[in-house]
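Have a look at the structure below before the remarks.
Values in this text are rule-based calculations from the coordinates and carry no lab data. A quick note: this is a predicted structure, and the numbers were derived from the prediction, not measured. Backbone-built Cβ (ideal geometry, glycine too); neighbour counts: all protein chains shown.
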Amino acid sequence: MNVKKKGRIWAFVGYPESLSSDWLDKLQETGLQIAISPIHDKDFNADGTPKKPHYHVMVIYDGPTTYNHVLELTKSLNCTIPIKLESARGMYRYHIHIDNPEKFQYDDRDRILLNGFDISSCSQLTHNEILKIKRLVLDIIKDNMITEYSDLCDMLHQTDSIQMLDVVTSNTVFFNTYLTSARNSGKCQGRTK
């Protein structure tokens, strides 16, 4: 692990038999936003053997924090080494296996949230996710020879892509300017649907 690596969102695993008795108090005392999964006691290894019961812990720092700093916390709790996450939302969903129907579905009500963990922050798109959606929408514009902002919004409204529609309506100036420029430059002519 690159000990100089920094990140805001970190995750680690805690096994009940090795956790310090005051692990929840120690986490609470950090003041950090923390989400702890229900105890995963119904998970299986690839060979079908049961996994040891464990918790998935996600910690969100206010700013970039080094691996070594987070490692001090995990050592004080007798937890595994931390891993830097790119998405809080992905781990939050993994806590209950919501996107893994082949795995046991844990109850969201058994999750522990500390220090005002903001659930809405896990449902918001990251900057990189927004950029990816913008690129997809630009491809849709080109592939369908869309020249008007209203046509783009209408098309996305007819699909199940609420996220795409949200990105487009939240970036009206960008998409309207792009469409006007493409229309005026003739970029939309000659393309096949």
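For this structure, a couple of remarks:
- Evaluated at q = 0.09, 0.11, 0.15, 0.18 Å⁻¹: base-10 log I(q)/I(0), Debye formula over Cα of the chain: -0.50, -0.66, -0.92, -1.13
- The chain: angle of helix 127-143 to the longest principal axis, Cα-based, in degrees nearest 10: 30
- Cα centre as origin, Lys/Arg/Asp/Glu Cβ charges: the chain dipole, Debye: 840
- Additional length obtainable on full extension of the chain from T159 to K103, 0.36 nm per residue less Cα span: 17.2 nm
- Between helix 172-185 and the chain: long-axis angle, C-alpha atoms, 0 to 90°, nearest 10: 40
- Reciprocal of mean inverse Cα separation for region 125-180 (Kirkwood radius, Å): 11.1
- Restricting region 41-110 to chymotrypsin sites (Phe, Trp or Tyr not before Pro) that sit in a DSSP loop and have at most 15 other Cβ atoms within 10 Å of their own Cβ leaves F104.
- When the charge dipole of the chain is built from unit charges on Cβ atoms (+1 for Lys and Arg, -1 for Asp and Glu) and taken about the Cα centre, the candidate among L27, M145, T65 whose Cα reaches farthest toward its positive end is M145.
- Helix axis angle, 67-77 relative to the chain longest principal axis, alpha carbon, degrees: 40
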